[in-house]
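Working notes for the structure below.
The values are calculated or read from the model by the stated rules, or taken from the named source; none is laboratory data. These figures come from a predicted structure and were not determined experimentally. Here the Cβ positions follow ideal geometry from the backbone for every residue, glycine too, while neighbour counts run over all protein chains shown.
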DNA sequence: GTCTATAAAGCGATAGAC
DNA sequence: GTCTATCGCTTTATAGAC
């Protein structure tokens, strides 16, 4: 399944031909159609469901139910690792940009919507007003996608790392009242 | 040529088949191969060159040589109009995300690099330090691409308009020393 | 320049042996 | 489950009439 996902990710839906899929997964057409009776569209749908599952467990659920600051920090870590610091791109982003979107509109919409919603939820619980939380969440998710496009277009993964670092800093929640340990000489 | 560009933009390189190109442009295969002896790859290259030309004239040159504030304001206006407030997406972004990038790596890289460079130039001349100018320019171009992905993924062009508005505000150059007219009671 | 006809290869999908 | 063989169809590209 990860192999299958990688074919669609790198080649796009139209570019991922059955011959290339068999080549990279090692599975013949017979096996592929055994697992995915609906053919190529079935395979892509399964990959999208698999990705959604991963994001639910690693990103959305922690944001929705966990301690906000920790969940957001985890989100940035997982995101950087998932996209391999910009070397890997977002399959949903790839599908979203061309006519493939119309085939999988619901799944694509849900991916972005739930990410924004989950992040906004964490920001609200972290002390931001609802409108500000939503705007910040939108900015962060949008920034990740933009960073992926730019990193790939310029073939420079440093762009991604830099952008994610900046986004993470700008997303910082308001300070809590807790006193932090101070070194001597600090104000 | 605009029609040709739109086919690649909406369908991607792999999805833009010759039959769909003939269908949308009204040109038969004979005519297409007469104008583009190199076939499909030749057509895409011509479209990329055409887009580059447009951006040079409407975005890059004003940023590189014009009055910084006016050029940046013009950039936001032209950008919003060009992408039809998010209804249209970026052909170069589409090509950048899948394996098509490797076919047109130089043109794609140049598109993003020159946009960032031109914007950074305007920001420097507007009073920003070189490092800050470059970081801000990167953020802006990245934000535009992200806004396009998200607007299309969520099928909600308001996202694009909102994001571009925010990016434009955050890109604001430092105030010049000029006194602004003050209303009575202002500090 | 633009058309039709056609070539050669590749496409997604199916059938049936094993 | 996995393989090979094969079906229609579409693809890019070419040839040649007009």
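Of A:50, A:77, A:117, A:42, all but one fail to be within 16 Å of DNA strand C (Cβ to nearest atom) and part of a helix (DSSP H, G or I); the exception is A:42. Taking the conditions (1) within 16 Å of DNA strand D (Cβ to nearest atom); (2) at pLDDT 95 or above; (3) more than 28 Å from residue B:153 (Cα to Cα) in turn, residue B:14 satisfies each one other than (3). When restricted to residues that are more than 16 Å from residue A:117 (Cβ to Cβ) and over 13 Å from the mean Cα position of the chain (by Cα), segment A:133-148 contains 0.
Remark: pairs (first residue in segment B:132-159, more than 16 Å from residue B:111 (Cα to Cα) and more than 7 Å from chain A (Cβ to nearest Cβ); second residue in a loop (DSSP other than H, G, I, E, B) and modelled with pLDDT under 95; Cβ separation under 7 Å; 6+ apart in sequence or on different chains) = B:136/B:171. Does residue A:42 count as touching a residue at least 12 places away in the same chain (Cβ under 8 Å), out of contact with any strand residue (DSSP E or B) (no Cβ under 9 Å at 6 or more places or on another chain) and surrounded by fewer than 18 Cβ atoms within 10 Å (Cβ to Cβ)? In short, no. Residue A:102 meets each of the listed conditions (1) touching a residue at least 12 places away in the same chain (Cβ under 8 Å); (2) in a helix (DSSP H, G or I); (3) within 14 Å of chain B (Cβ to nearest Cβ) apart from (1). Quick one: in segment A:18-37, of everything that is assigned to a loop (DSSP other than H, G, I, E, B) and over 21 Å from residue A:49 (Cα atoms), which residue is nearest to DNA strand D (Cβ to nearest atom)? The extreme case among them is A:28.
Among what's in segment B:4-21 and is within 13 Å of DNA strand C (Cβ to nearest atom) and surrounded by fewer than 16 Cβ atoms within 10 Å (Cβ to Cβ), pick the residue that is nearest to the other protein chains (Cβ to nearest Cβ). Ranking the qualifying residues of segment B:4-21, first place goes to B:17.
Does residue B:42 satisfy the condition of being on the phi < 0 side of the Ramachandran plot, within 16 Å of DNA strand D (Cβ to nearest atom) and at the interface with another protein chain (Cβ under 10 Å from one of its Cβ atoms)? In short, no.
Residue under question is residue A:66, and the condition is that it be at negative phi and either within 14 Å of chain B (Cβ to nearest Cβ) or more than 16 Å from DNA strand D (Cβ to nearest atom) (or both); does it hold? In short, yes. For segment B:80-94, what are the residues that are closer than 15 Å to residue B:50 by Cα and assigned to a helix (DSSP H, G or I)? Selection gives B:82, B:91, B:92. Taking (1) away from DNA strand D (no atom under 16 Å from the Cβ); (2) surrounded by 19 or more Cβ atoms within 10 Å (Cβ to Cβ); (3) in contact (Cβ under 8 Å) with a residue 40 or more places away in the chain in turn, residue B:95 satisfies each apart from (1). A single member of A:57, A:125 is within 26 Å of residue A:175 (Cα to Cα), more than 14 Å from every other protein chain (Cβ to nearest Cβ) and either surrounded by 17 or more Cβ atoms within 10 Å (Cβ to Cβ) or without any contact (Cβ under 8 Å) to a residue 24 or more places away in the chain (or both), and it is A:125.
Filter segment B:156-174 for residues that are more than 24 Å from residue B:71 (Cα to Cα) and surrounded by fewer than 16 Cβ atoms within 10 Å (Cβ to Cβ) and give the result. Correct list: B:158 only.
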